[in-house]
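Taking it in order: structure first as structure tokens, then the write-up.
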Amino acid sequence: MDLKLTSGRRYGWSVVHVEGELDIATADQLSERLKRDLDRRGPRARLVVDLSGLEFCDASGLRALLEADTTARRLGGQLRLAIPEGRVLRVVRLTGLDQVLPVFPTLHDATVRSSPEKSVTAGVPR
């Protein structure tokens, strides 16, 4: 399955919606898109990556998200993830990525809350 990326704005945040499978074959596509969006927004860029349409994510996909976070921080900005319950969130939790990047259960929460709720990562074995 291909990766589909669409962009938008919500409450002052840039949003990239990700659908499909994020793996070694598609991770560079996401990396390039996120870097381009962050560079275009410049200093203090605020970006939410909405993974609610993602069906699969491997280590290459996680690397792409970490690289985007590094770029956002270098620009003095922020990167957040919107991930509902499911397989992708489980991978993020098991790898500890939720301890590095702010993870929110919905796009709405990611764009209006100041920080993730603690319950987002509660109850899942690490």
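The values are calculated or read from the model by the stated rules, or taken from the named source; none is laboratory data. Since the structure is predicted, the reported quantities are computational estimates derived from the model, not experimental observations. Methodologically, a virtual Cβ is constructed for each residue, glycine included, from the backbone with ideal geometry; neighbour enumeration extends over all protein chains shown.
Which number in (1) surrounded by 17 or more Cβ atoms within 10 Å (Cβ to Cβ); (2) under 13 Å from the mean Cα position of the chain (by Cα); (3) among the aliphatic types (A, V, I, L, M) marks the one condition that Leu66 misses?
Going through the list (1) surrounded by 17 or more Cβ atoms within 10 Å (Cβ to Cβ); (2) under 13 Å from the mean Cα position of the chain (by Cα); (3) among the aliphatic types (A, V, I, L, M), Leu66 breaks only (1).
Return only the number of the condition from (1) farther than 18 Å from Arg113 by Cβ; (2) touching a strand residue (DSSP E or B) at 6+ places or on another chain (Cβ under 9 Å) that Glu67 does not satisfy.
For Glu67, the exception is condition (2).
Would it be correct to say that Pro84 is under 20 Å from Thr6 (Cβ atoms) and either more than 10 Å from the chain's Cα centre (by Cα) or modelled with pLDDT of 95 or more (or both)?
Judged against the criteria, Pro84 is a match.
Out of all the residues in region 97-126, which are touching a Gly at 6+ places or on another chain (Cβ under 9 Å) and either surrounded by 18 or more Cβ atoms within 10 Å (Cβ to Cβ) or modelled with pLDDT of 95 or more (or both)? Before the answer, list the steps.
Here is the first cut: in region 97-126, the ones touching a Gly at 6+ places or on another chain (Cβ under 9 Å) are 111, 126.
Of everything in region 97-126, just one residue is touching a Gly at 6+ places or on another chain (Cβ under 9 Å) and either surrounded by 18 or more Cβ atoms within 10 Å (Cβ to Cβ) or modelled with pLDDT of 95 or more (or both), namely Thr111.
Taking region 68-87 as the region of interest, how many residues are within 16 Å of Arg41 (Cβ to Cβ) and of a type outside the set (A, V, I, L, M)?
Narrowing region 68-87 to residues within 16 Å of Arg41 (Cβ to Cβ): 68-80.
Narrowing further to those that are of a type outside the set (A, V, I, L, M): 69-71, 73-74, 76-78, 80.
Result for region 68-87: 9.
Restricting attention to region 5-15, does a residue exist that is on the phi < 0 side of the Ramachandran plot and crowded, with 22+ Cβ neighbours inside 10 Å?
Checking region 5-15: not a single residue is on the phi < 0 side of the Ramachandran plot and crowded, with 22+ Cβ neighbours inside 10 Å.
Would you say Ser52 is in contact with a Ser or Thr (Cβ under 9 Å, 6 or more places away or on another chain), surrounded by 14 or more Cβ atoms within 10 Å (Cβ to Cβ) and farther than 17 Å from Val15 by Cβ?
Against the criterion (in contact with a Ser or Thr (Cβ under 9 Å, 6 or more places away or on another chain), surrounded by 14 or more Cβ atoms within 10 Å (Cβ to Cβ) and farther than 17 Å from Val15 by Cβ), Ser52 does not qualify.
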